[in-house]
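Participant: First the structure, which I've put down as structure tokens, then a few questions once you've had a look.
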Protein chains: 2
Amino acid sequence: MKGTSIGWIGTGVMGTSMCMNLMNAGSRAFVHNRTRARAEPLIEKGAVWCESAAEVAQHCGMIFTIVGYPSDVEQVILGEKGVMQGAKPGSVIIDMTTSEPALAKRIYECAKQKRLHAIDAPVSGGDIGARQGTLAIMAGGDREVFDRVLPYFKIMGENIALMGGPGAGQHTKMSNQILIASTMIGVVESLLYAVKAGLDPDEVIDVIGKGAASSWSINNLGRRIVKGDFEPGFFIKHFIKDMGIALDEAKRMNLTLPGLALAHQFYVSAKALGYENLGTQGIYKVFERMNGL
Amino acid sequence: MKGTSIGWIGTGVMGTSMCMNLMNAGSRAFVHNRTRARAEPLIEKGAVWCESAAEVAQHCGMIFTIVGYPSDVEQVILGEKGVMQGAKPGSVIIDMTTSEPALAKRIYECAKQKRLHAIDAPVSGGDIGARQGTLAIMAGGDREVFDRVLPYFKIMGENIALMGGPGAGQHTKMSNQILIASTMIGVVESLLYAVKAGLDPDEVIDVIGKGAASSWSINNLGRRIVKGDFEPGFFIKHFIKDMGIALDEAKRMNLTLPGLALAHQFYVSAKALGYENLGTQGIYKVFERMNGL
């Protein structure tokens, strides 16, 4: 890692920690972000500010992106002054945003035409995982390109896998989000039932959080719900984006996912009620309201 | 435990292992079951066969029941030749069936009138937990009575808690089942999406089974689904019973649980399709059919 130059586009909560870990491991970082102020913590640590994504790409052979929505991915990679405009032949573009599998394939094809390489590599593990370098990283693309990026992934994460060709990383992340969506419905309904039945919900989690009903969600987000802590580990608004992508993909594949569709509707309701900047456990408030609590 | 006499009514897969553990710890068991043949393994080990639940109760001060449906609980405890007909004053009746909270309260009140005691104590952990004595036991009733039964519970389980007054054990088990219901929908939809997207579902579980999407269900039942193993750890027909009780209780409490209602419908579909004797992971087959797979 020592002495290598890497490009980093997107310095939000996740991106800042991930880039910082690469810098701490000895990489020199060239950074860009829509809002410069949010890149300051990295610049203070020695990162070089660039005025555009294209400029970042001119400086390095390995460019990471982690931005908000698929439209942002499209802009910073494929758009005017985007990565593709500045990248030197042979460079690798690694998009770590949770985004559309179809867009990942399009980026891969565009890259190929320009003698560039692309890997889609969304992550799971939240702000804490990003900070501690313990993220799960689900990648799609070519094996030899993945192998070149792997040493960098190992700085950022622990549970790293190449899942298949371009888009496979995004598809895996969708499987992850689909699983969480219905699990969260189970968590809030289970706790609401417990409260209504007059039980102590913390004592209920003590018992049911260990056996066949156990999940990360009940033991972590369930505990936060009981404490009344709705601070975001992961924003409702971002989860709605992810579920929307999964539903679009499912529609494209002619696949019916009624549990996901139901969960999505309740999260849309959460947004309608003004909860979009709460953590995903904020869905509990929707169920409370729906039950007159 | 050594030398004490206990009564055991219900020698199915769970009951046989649980009673066997008490016998191995030194208790003398008086047993009854609707079908005598299924009590033979216990009788061979020295258990004393009784012709009725009432006769079991005549012999012991502590009588455990674990039968099928609430109607069975009603019959063996409150019915003709039931436990109440034979029990001596001061005896404790411990129903470990997953049953209705309201019935648990009724049994508690009836017991009180006859100078008997009652505890509801459904379990979680399946056939393996029963055999290994690692069950979760969720109890409802009076503390002093619970404390008298606790040494026996400790032979059968590991995660044991008194959750409140009569019915609180059943309510806790309902919270457990509500949590599992929607989690299972997440598991099957997540795996189905992965398969449709061309991913290797086992590799997907390797990645998503460790982080924020992790659950006992994905790591155990998800793996079995991938192997095509639909053998029952827990029968679909019994899960339908449990969800039905939870929905009835929710209705009584004026509580809407749309995720549970949706899951229940799919499990009813599983029954309609002839899958009631599969394990709960068999719901995957319903989703496959629904998607023409």
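The values are calculated or read from the model by the stated rules, or taken from the named source; none is laboratory data. What you are looking at is a predicted structure, and each value in this text was computed from that prediction instead of being measured. So basically every Cβ, Gly included, is an ideal-geometry build from the backbone, and we count neighbours across all protein chains shown. Side chains included, ligands, DNA and RNA excluded: accessible areas come from the protein's heavy atoms. Shrake-Rupley method; radii C 1.70, N 1.55, O 1.52, S 1.80 Å.
Participant: With N set to the number of residues, divide the alpha-carbon radius of gyration of the stretch B:30-148 by 2.2 N^0.38 Å and report two decimals.
Facilitator: Ratio of Cα Rg to 2.2 N^0.38 Å: 1.02.
Participant: For the stretch A:125-131, just list the computed ³J(HN,Hα) in residue order, Karplus coefficients 6.51, -1.76 and 1.60, θ = phi - 60°, integers in Hz, with x standing in for Gly and Pro.
Facilitator: Each residue's phi maps through the Karplus curve to give x, x, 4, 5, x, 5, 5 Hz.
Participant: Checking buried surface per residue: for the stretch A:211-226, which residues lose a minimum of 40 Å² accessible area in the protein assembly relative to the chain alone (1.4 Å probe)?
Facilitator: At a threshold of 40 Å² (probe 1.4 Å), the residues of the stretch A:211-226 that become less exposed are A:A212, A:A213, A:W216.
Participant: Separate question: Could you give the length gained on full extension between B:N220 and B:N254, defined as 0.36 nm per residue of separation minus the Cα-Cα distance, in nm?
Facilitator: 8.8 nm
Participant: Binning every alpha carbon pair distance of chain A at 10 Å from zero, what are the percents per bin?
Facilitator: 7, 27, 32, 21, 11, 3, 0
Participant: For B:L273 and B:E158 in the same chain, what is the full-extension length gain: residue separation times 0.36 nm, less their Cα-Cα distance, in nm?
Facilitator: Working: separation 115, 0.36 × 115 = 41.40 nm, distance 3.68 nm.
Difference between extended and current length: 37.7 nm.
Participant: Using Cα pairs closer than 8 Å and at least 6 residues apart in sequence, work out the relative contact order for chain A, in percent.
Facilitator: Averaging sequence separation for qualifying contacts and normalising by length gives 13 percent for chain A.
Participant: Taking amide H positions as placed 1.01 Å from N in the peptide plane, with prolines and chain starts having none, which residues 5 or more places from B:L116, or on another chain, fall under 5 Å of its amide H?
Facilitator: B:G90
Participant: Give me the percent of accessible area attributable to carbon and sulfur for the stretch A:5-165, probe 1.4 angstrom.
Facilitator: Ligands and nucleic acids excluded, carbon and sulfur give 47 percent.
Participant: Let me have the relative contact order for the stretch A:52-187, percent, based on Cα pairs under 8 Å that are six or more residues apart.
Facilitator: 20
Participant: Using modelled backbone amide H atoms (1.01 Å from N, in-plane), which distant-in-sequence or interchain residues come within less than 5 Å of A:W49's amide H?
Facilitator: A:V31
Participant: Could you give me the ³J(HN,Hα) list for the stretch B:92-100, computed from phi with Karplus coefficients 6.51, -1.76, 1.60 and θ = phi - 60°, whole Hz, x at Gly and Pro?
Facilitator: 10, 10, 10, 8, 9, 5, 7, 8, 7
Participant: Distance check, please: which entries in A:K112/A:K173; A:K173/B:K210; B:K88/B:K112 exceed 20 angstrom between their Cα atoms?
Facilitator: On the way: A:K112/A:K173 24 Å; A:K173/B:K210 13 Å; B:K88/B:K112 12 Å.
Listed pairs above 20 Å: A:K112/A:K173.
Participant: What is the distance in Å between the Cα centroid of the stretch A:75-98 and that of the stretch A:160-229?
Facilitator: Using only Cα atoms to place each centre, the spacing works out to 35 Å.
Participant: Place +1 on the Cβ of every Lys and Arg and -1 on the Cβ of every Asp and Glu in chain B, take the dipole about the Cα centre, and give the residue among B:M243, B:I218, B:W8 whose Cα lies farthest towards its positive end.
Facilitator: About the Cα centre, the residue reaching furthest to the positive side is B:W8.
Participant: Just to be sure I understand: if I project the alpha-carbon convex hull of the stretch A:191-280 onto a plane and average over all orientations, what area do I get in nm²?
Facilitator: 6.8
Participant: Residue by residue through the stretch A:62-69, what is 3J(HN,Hα) from phi via Karplus (6.51 cos²θ - 1.76 cosθ + 1.60, θ = phi - 60°)? Round to whole Hz and write x for glycine and proline.
Facilitator: 9, 10, 9, 10, 8, 10, x, 10
Participant: Summing both sides, how much accessible area is buried between B and A? Use a 1.4 Å probe and give Å² to the nearest 100.
Facilitator: 4800
Participant: A further question follows. Which residues belonging to the stretch A:253-287 lose at least 50 Å² of 1.4 Å-probe accessible area when the assembly is complete, relative to their chain isolated?
Facilitator: Relative to the lone chain, where solvent access is computed with a 1.4 Å probe, the stretch A:253-287 loses at least 50 Å² at A:M253, A:L255, A:T256, A:P258.
Participant: Shifting gears a bit: Given all pairs of different Cα atoms, what value in angstroms does the Kirkwood hydrodynamic radius of the protein assembly as shown take?
Facilitator: By the Kirkwood definition, the hydrodynamic radius is 25.8 Å.
Participant: If r is the Cβ-Cβ distance from B:K88 to B:I128 and R0 is 35 Å, what FRET efficiency results, to the nearest 0.05?
Facilitator: Working: r = 35 Å, r/R0 = 1.01.
The value I calculate is 0.50.
Participant: Can I ask one more? Counting partner chain Cβ atoms within 10 Å of every residue's Cβ in A:162-172, what's the average? Walk me through the numbers on the way to the answer.
Facilitator: Details: counts 1, 9, 5, 1, 0, 2, 7, 1, 1, 7, 9.
So the per-residue partner count for this stretch is 4.
Participant: Could you list which residues have their amide H under 5 Å from that of B:G7, counting only those 5 or more apart in sequence or on another chain, with H placed in the peptide plane?
Facilitator: So B:G7 has HN proximity to B:F30, B:M62, B:I63, B:F64.
Participant: I'd like the antiparallel share, as a percent to the nearest 5, of DSSP beta bridges with both residues in the protein assembly as shown. Intermediate values should be presented prior to the final figure.
Facilitator: Values: 9 of 57 bridges.
Among the beta bridges of the protein assembly as shown, antiparallel pairing accounts for roughly 15 percent.
Participant: In addition: Accessible area of the stretch A:170-290 with a 1.4 Å probe: how many percent of it is carbon plus sulfur?
Facilitator: About 48 percent, which is the carbon plus sulfur part of the accessible surface.
Participant: Quick check for you: with a 1.4 Å probe and neighbouring chains kept, what is the accessible area per residue of chain A, in Å²?
Facilitator: So chain A comes to 38 Å² accessible per residue, rounded to a whole number.
Participant: With every protein chain left in place and a probe of 1.4 Å, what is the accessible surface of A:R28, to the nearest 10 Å²?
Facilitator: In the full protein context, A:R28 sits at about 130 Å².
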